[in-house]
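The structure appears right after this line, and notes come after that.
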Amino acid sequence: MAAPRLSVVVVSHGRPAALCRCLLGLHQQDAGDVEVVVVADPDGLSAISRLPFHAQLKTALQQGENISTARNDGVALAAGDVVAFVDDDAVPAPTWATRVKAAFAEQPMIDAMTGPVIGRNGISLQWGEIGADRTGRDRDVSDADGVVRKLHGTNMAMRRSVFDQIGGFDPAFAFFLDDTDFAVRMAEAGLQSAWTADMIVHHGFAASARRSEDRVPLTLHDIGASTAVFLRKHAGEDEIEAQIDQLVTDQRRRLLLLARRRKIDARAMRELMESLHAGLEDGRQRRTAHPQVTPVNLPFQPLRDTPAAGWSILSGWRHQASRLRREAAGLVASGQRVSLFLFEPTPRKHKVTFTEGGWWEQTGGLFGPSDRDDPRVQAWRFQTRLDTELARIRTERGHD
């Protein structure tokens, strides 16, 4: 079966720099027939207008801060056979689009896909294959009846026909559990989802109106509201109040832990719990809907004429960083993809990031671990360590 055309929808609000970084990563995909649809606030649309490939993007103004509504608007603009979603604070591995397209071509009976999400250090797994039950709680995907495969909102893709069959995302979920609700509705309709292990996205958890840069919550309103909506839709009536009580207990425990770490004080904890209860009351009243997503019928618009190809590998010691980063920036500006390795003579743990300049950068001690399960201190020579790290990322990054 031929590989499908892929549309990627990115929703963004309040994070223009992160949005640009995400789009740079999408522009470096090694697949053809990929279009990108951006639904963003005015600051985001202004920022991406300065990207050199801006004219190849499909864009829409976000109508209010509601991720479900924005995603539906993106789907309406999408002309691909498959529609995928990536968060604005995430960057897909360069092979991601190829893996998505191949997975759907090889499994014609599968309606949706999800895959691994790598966390802030760029190496460790943040979210793996997992299920969710009818109360919205995480469960082993192989558990008993009532458990569905959870779709990770920052790394999920489905055939365009899925939206025709079950409608779009429910706007009652302005944030949180929107993807899980969609997964449950797919299962109820008899649609199939699958896990694709090499469909990898790096997720950074950037600051937003709901959390600080170090992941301290600023409000719990949406968690409360979306949980109440989800329970009303999918849980048994005899489960709802017990699950709400459990949510309150879990969030209070979470905040107590943050307080012990001196991340929040007593006043902030009280205000956060008040926002949770206000959100729960809001969610008890929200109307739910599965709106039909009417295609705008714009032609498919590939992000690039040909897939990105080839790599430049740069490496050196940390004290050479300024020179090597300038070199990396120049190579990116000339159309190259770059992996940069900066080591130091210490046992410091490694970190990988896709920079705002558009290159992949790994930093850490020559004697430190990359995989967090590896020994804390290791004996390496520079070239051997570089070769080992290149081998570790070769499949994900698509190095020759």
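What are the residues whose amide H is under 5 Å from the amide H of GLU35, where those residues sit 5 or more places off or on another chain and H is modelled from the backbone?
Correct list: LEU6, SER7, VAL8, LEU303.
Mind listing the phi-derived Karplus ³J(HN,Hα) values for the stretch 331-336, rounded to whole Hz, using 6.51, -1.76 and 1.60 with θ = phi - 60°, and x for any glycine or proline?
Taking θ as phi minus 60°, the curve returns 5, 4, 4, 8, x, 7 Hz for the stretch 331-336.
Just need the relative contact order of the stretch 285-359 here, percent rounded to a whole number, with Cα pairs under 8 Å and 6+ apart.
Working: 58 pairs, mean separation 22.7, N = 75.
Across the stretch 285-359, relative contact order equals 30 percent.
Taking the Cα centre as origin and putting +1 on Lys and Arg beta-carbons and -1 on Asp and Glu beta-carbons, what dipole magnitude results for the stretch 296-365, to the nearest 20 debye?
Working: 9 positive and 5 negative charges, 53 e Å.
Roughly 260 debye, rounded to the nearest 20.
Taking the Cα centroid of the stretch 183-213 and of the stretch 77-106, what is the distance between the two, rounded to the nearest whole Å?
For the stretch 183-213 versus the stretch 77-106, the Cα centre distance is 12 Å.
Looking at the stretch 35-85, which trypsin sites (Lys or Arg not before Pro) are DSSP coil and have at most 15 other C-beta atoms within 10 Å of their C-beta?
Details: sites: ARG50, LYS58, ARG71; in loops: ARG50.
Answer by residue number: ARG50.
With N set to the number of residues, divide the alpha-carbon radius of gyration of the chain by 2.2 N^0.38 Å and report two decimals. Intermediate results must be reported in sequence, preceding the final value.
Working: Rg = 21.6 Å, N = 400, 2.2 N^0.38 = 21.4 Å.
Dividing the Cα Rg of the chain by 2.2 N^0.38 Å gives 1.01.
Taking the Cβ-Cβ separation of ARG323 and LYS351 as r and a Förster radius of 25 Å, what is the calculated FRET efficiency to the nearest 0.05?
Values: r = 20 Å, r/R0 = 0.81.
Plugging the Cβ-Cβ distance into 1/(1 + (r/R0)^6) gives 0.80.
Suppose all protein chains stay in the model; what accessible area per residue would a 1.4 Å probe give for the chain, in Å²?
Working: 17610 Å² over 400 residues.
In whole numbers, the chain has 44 Å² accessible per residue.
How large is ³J(HN,Hα) for each residue in the stretch 6-19, as worked out from phi by the Karplus curve 6.51 cos²θ - 1.76 cosθ + 1.60 (θ = phi - 60°), to whole Hz, x for Gly and Pro?
10, 10, 10, 9, 10, 9, 9, 8, x, 9, x, 5, 5, 4
For the stretch 252-354, which trypsin sites (Lys or Arg not before Pro) pass both filters: DSSP loop (anything but H, G, I, E, B) and at most 10 other C-beta atoms within 10 Å?
ARG261, ARG262, ARG287
Quantify, in whole percent, the carbon and sulfur part of the accessible surface of the stretch 244-400 (1.4 Å probe; protein heavy atoms only). Could the numbers behind the result be given before it?
Numbers: 4520 of 9230 Å².
Carbon and sulfur atoms account for 49 percent of the accessible area of the stretch 244-400.
Place a +1 charge on the Cβ of each Lys and Arg in the chain and a -1 charge on the Cβ of each Asp and Glu, then give the dipole magnitude about the Cα centre in debye, rounded to the nearest 20. Mind dumping the intermediate values first?
Numbers: 50 positive and 52 negative charges, 307 e Å.
Approximately 1480 debye in magnitude.
The values are calculated or read from the model by the stated rules, or taken from the named source; none is laboratory data. Given the structure is predicted, the values throughout are model-derived calculations rather than measurements. Methodologically, a virtual Cβ is constructed for each residue, glycine included, from the backbone with ideal geometry; neighbour enumeration extends over all protein chains shown. Surface accessibility is based on the protein's heavy atoms, side chains included, excluding ligands, DNA and RNA. Shrake-Rupley method; radii C 1.70, N 1.55, O 1.52, S 1.80 Å.
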